[in-house]
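Undergrad: Pasting a structure below so you can have a look.
The values are calculated or read from the model by the stated rules, or taken from the named source; none is laboratory data. The structure displayed is predicted, hence computed values, not measured ones. Note that we place each Cβ from the backbone using ideal geometry, even for glycine, and neighbour counts take in every protein chain shown.
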Amino acid sequence: MPHPARIRVLFVCLGNICRSPAAEIIFNAAAEQAGIADGVAADSCGTAAYHIGQQPDRRMLAALEETGYTYGGHRARQFRRADFQAFDLIIPQDDSNRRDLLALARTPEEAAKIIPMSHWFPAAESRTEVPDPYYGGKAGFLSVIHLLESAATALAAELKTRLPLPPTP
Ligand code: 4NP
């Protein structure tokens, strides 16, 4: 099968203001680090409609800035069925997001695109989801960022193996 020009990745959480925009930013940095920024295209969205049009949560933006990430601007949007065609990988952050996405999938091909973020957690990680930091404090946001960093690094490394090799000079 030919390699796609770009692997399109969609990170999904509930509100698209905390975890999935952070996952998108952190994955883009990991892709840059892995030398595959030109080979991937990332976006994020939420399963719920509560925060459509809003910028990411200011607590998450502060935690991202503190850990060295640059926010490029994002407005929350809700997952739509067209995303099953527009993306190669659809990555829910927790089990509830995963169930909601699976309920929207109409074919085995669509369902097969849904792979939880925990798939890329380190083997020693005891958590099985990216926890929702919304009702917690700053430590929860920083903890989510660190968990996303390890998962995004592993995801970028895996995608690197799926991309075509650069032309030899
Ligand atoms: P997110 O966090 O799904 O990581 O963006 C949340 C955002 C909003 C709400 C819950 C979680 N909320 O209940 O409004």
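Undergrad: With the condition kept exactly as written, say whether any residue in region 138-150 is assigned to a loop (DSSP other than H, G, I, E, B) and away from the ligand (no atom under 15 Å from the Cβ). Talk me through it step by step, then tell me what you get.
TA: Here is the first cut: in region 138-150, the residues assigned to a loop (DSSP other than H, G, I, E, B) are none.
No, because not a single residue in region 138-150 is assigned to a loop (DSSP other than H, G, I, E, B) and away from the ligand (no atom under 15 Å from the Cβ).
Undergrad: Within region 100-107, can one find any residue that is of a type in the set (A, V, I, L, M, F, W, C), under 17 Å from N28 (Cβ atoms) and within 16 Å of the ligand (Cβ to nearest atom)?
TA: no
Undergrad: Where the second residue is small (G, A, S) and within 13 Å of the ligand (Cβ to nearest atom) and the first is under 17 Å from F87 (Cα atoms) and touching a residue at least 40 places away in the same chain (Cβ under 8 Å) and lies in region 24-53, which pairs have Cβ atoms under 6 Å and are six or more apart or on separate chains?
TA: So the pair list comes out as E24/S44.
Undergrad: Here's another thing I want to ask about it. Where residues in region 44-55 are near the ligand (Cβ under 8 Å from one of its atoms) and not hydroxyl-bearing (S, T, Y), which of them is surrounded by the fewest Cβ atoms within 10 Å (Cβ to Cβ)?
TA: Checking each candidate, the answer is A48.
Undergrad: Just to be sure I understand the filter: pairs with C-beta atoms under 7 Å, separated by 6 or more residues or on different chains, first member in region 59-73 and under 19 Å from Q33 (Cβ atoms), second member away from the ligand (no atom under 16 Å from the Cβ). Which pairs pass?
TA: Filtered contacts from region 59-73: Y69/A29.
Undergrad: If you check I7 against the conditions, is it away from the ligand (no atom under 13 Å from the Cβ), closer than 24 Å to L163 by Cα and either more than 15 Å from the chain's Cα centre (by Cα) or crowded, with 24+ Cβ neighbours inside 10 Å (or both)? It would help to see each step written out before you state the result.
TA: Working: away from the ligand (no atom under 13 Å from the Cβ): yes; closer than 24 Å to L163 by Cα: yes; either more than 15 Å from the chain's Cα centre (by Cα) or crowded, with 24+ Cβ neighbours inside 10 Å (or both): no.
For I7, the condition - away from the ligand (no atom under 13 Å from the Cβ), closer than 24 Å to L163 by Cα and either more than 15 Å from the chain's Cα centre (by Cα) or crowded, with 24+ Cβ neighbours inside 10 Å (or both) - is not met.
Undergrad: Find the residue count for region 133-169, including only residues that are under 14 Å from the mean Cα position of the chain (by Cα), of a type outside the set (S, T, Y) and crowded, with 17+ Cβ neighbours inside 10 Å.
TA: Adding up the residues that qualify gives 10.
Undergrad: Of all helices (runs of 4 or more DSSP H) completely enclosed by region 6-123, which ones contain at least 1 residues that are of a type in the set (A, V, I, L, M, F, W, C) and within 22 Å of G136 (Cα to Cα)?
TA: Details: elements: 19-34, 58-66, 83-86, 95-104, 108-112.
Those helices (runs of 4 or more DSSP H) span 19-34, 58-66.
Undergrad: Could you identify the single residue in R75, R106, R59 that is at pLDDT 95 or above, in contact with a helix residue (DSSP H, G or I) (Cβ under 6 Å, 6 or more places away or on another chain) and over 13 Å from V12 (Cα atoms)?
TA: Just one listed residue meets the conditions, R59.
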